[in-house]
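J.: I'd like to ask some things about the structure below.
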Amino acid sequence: PTPFAFGAPEFRPAAILSLCIVMLVLMTESCAGMLALGEICDRRTDGRTITRGLRTDGIATFLGPVFGGFPTSAFAQNVGVVSLTKVRSRYVVAAAGGALLVLGVFPVLGAVVSLVPMPVLGGAGIVLFGSIAVSGIRTLSEAGLDDSSNIVLVAVALGAGIIPLAAPGFYTGFPSWAQTVLGSGISAGALVAVLLNLFFHHLGTHGRTAVALKSS
């Protein structure tokens with residue numbers, strides 16, 4: 001790839017704002033992936049691990065646009081792959097990355113992989129994406145859903161995430177930067193979840209109660 005193939009960088013406020021929101025969503029997605037992998041691998045995922053993972057995403061996101069790429073995040077499908085295969089070795093991940101590099105350098109080898117029948121890929125995909133959904137449900141079960149505010153938070157976030165799929169033209173009248181962020185179910189749902197979490201647990205009654213308890 002040619003560096004800056006599309007021209008020199010441009011800094012526009014609307015684009016910067018929208019990409020900052022997208023990065024917030026990607027960081028949320030990466031955190032969820034790291035927490036899910038920690039549960040699958042029977043390893044406690046602490047703040048230090050999440051911080052290192054987000055820094056790695058940040059470095060990749062910084063370098064990606066130089067070669068025409070986009071912001072990156074942890075690949076959610078990997079959660080399903082690890083859960084399905086029970087392969088937890090980092091060396092296997094590194095070897096798979098090397099194989100992908102070889103496939104990228106020699107397109108003929110990639111064509112061989114494309115010969116895998118679609119029904120086979122479809123069957124594997126059902127199990128793969130289903131296991132991702134199960135991991136998400138498992139994570140939600142530990143989110144304190146006995147609290148009514150958390151139930152509202154999850155319900156509204158899920159609803160916001162379904163809107164782009166159920167009504168693709170819902171955000172047609174919005175500005176272009178808003179369509180970029182809200183047009184993706186993942187982005188819209190994650191953004192709503194973060195904002196409601198701030199409102200319910202940090203700015204609302206829950207937040208004030210917690211501060212009062214700490215001060216007492």
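J.: Quick check on my filter: what residues within the stretch 1-34 are assigned to a helix (DSSP H, G or I) and either more than 26 Å from Leu195 (Cα to Cα) or touching a helix residue (DSSP H, G or I) at 6+ places or on another chain (Cβ under 6 Å) (or both)?
T.: Ala14, Ser18, Ile21, Val25, Met27, Thr28, Ser30, Cys31, Gly33, Met34 - these are the residues of the stretch 1-34 that are assigned to a helix (DSSP H, G or I) and either more than 26 Å from Leu195 (Cα to Cα) or touching a helix residue (DSSP H, G or I) at 6+ places or on another chain (Cβ under 6 Å) (or both).
J.: Can you find a residue that is basic (Lys, Arg) and assigned to a loop (DSSP other than H, G, I, E, B) anywhere in the stretch 38-50?
T.: Within the stretch 38-50 (the criterion being basic (Lys, Arg) and assigned to a loop (DSSP other than H, G, I, E, B)), the answer is yes, since at least one residue qualifies.
J.: Then there's this: Check the stretch 82-90 and report whether any residue there is surrounded by 14 or more Cβ atoms within 10 Å (Cβ to Cβ), under 16 Å from the mean Cα position of the chain (by Cα) and either touching a residue at least 60 places away in the same chain (Cβ under 8 Å) or within 28 Å of Ala133 (Cα to Cα) (or both).
T.: no
J.: Regarding the stretch 102-122, can at least one residue be identified that is touching a residue at least 12 places away in the same chain (Cβ under 8 Å), in a helix (DSSP H, G or I) and either of a type outside the set (Ser, Thr, Tyr) or farther than 30 Å from Gly7 by Cβ (or both)?
T.: The answer is no; no qualifying residue exists.
J.: Go through the stretch 134-149 and give me each residue that's more than 24 Å from Ile40 (Cα to Cα) and assigned to a helix (DSSP H, G or I).
T.: Within the stretch 134-149, Ser148, Ser149 qualify.
J.: Follow-up. Could you tell me whether Gly69 is of a type in the set (Gly, Ala, Ser), out of contact with any Lys or Arg (no Cβ under 7 Å at 6 or more places or on another chain), without any contact (Cβ under 8 Å) to a residue 60 or more places away in the chain and not in a helix (DSSP H, G or I)?
T.: In short, yes.
J.: What's the number of the only condition in (1) modelled with pLDDT of 85 or more; (2) within 17 Å of the chain's Cα centre (by Cα); (3) of a type in the set (A, V, I, L, M); (4) farther than 21 Å from Ala143 by Cα that Val22 fails to meet?
T.: Result: Val22 passes all but (1).
Conditions (1) in the same structural domain as Ile50 (by TED's automatic domain parsing); (2) among the acidic types (Asp, Glu); (3) in contact with a Ser or Thr (Cβ under 9 Å, 6 or more places away or on another chain); (4) at positive phi, marked per residue:
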site: Phe70; (1), (2), (3), (4): yes, no, yes, no
site: Ala94; (1), (2), (3), (4): no, no, no, no
site: Leu100; (1), (2), (3), (4): no, no, no, no
site: Leu115; (1), (2), (3), (4): no, no, no, no
site: Gly125; (1), (2), (3), (4): no, no, no, no
site: Ser131; (1), (2), (3), (4): no, no, yes, no
site: Ile151; (1), (2), (3), (4): no, no, no, no
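J.: Now for a different question. Considering Ser176, Ser114, Ser149, Ser141, which residue is touching a helix residue (DSSP H, G or I) at 6+ places or on another chain (Cβ under 7 Å) and of a type outside the set (Val, Ile, Thr)?
T.: Ser149
J.: Turning to a different aspect of this structure: Considering (1) in contact (Cβ under 8 Å) with a residue 24 or more places away in the chain; (2) within 18 Å of the chain's Cα centre (by Cα); (3) over 25 Å from Asn78 (Cα atoms), say which one Val152 fails and leave the rest.
T.: (2)
The values are calculated or read from the model by the stated rules, or taken from the named source; none is laboratory data. This structure is a prediction, so every number in the text was calculated from the model and none was measured. Here Cβ is always computed from backbone atoms with ideal geometry, including for glycine, and neighbour counts include all displayed protein chains.
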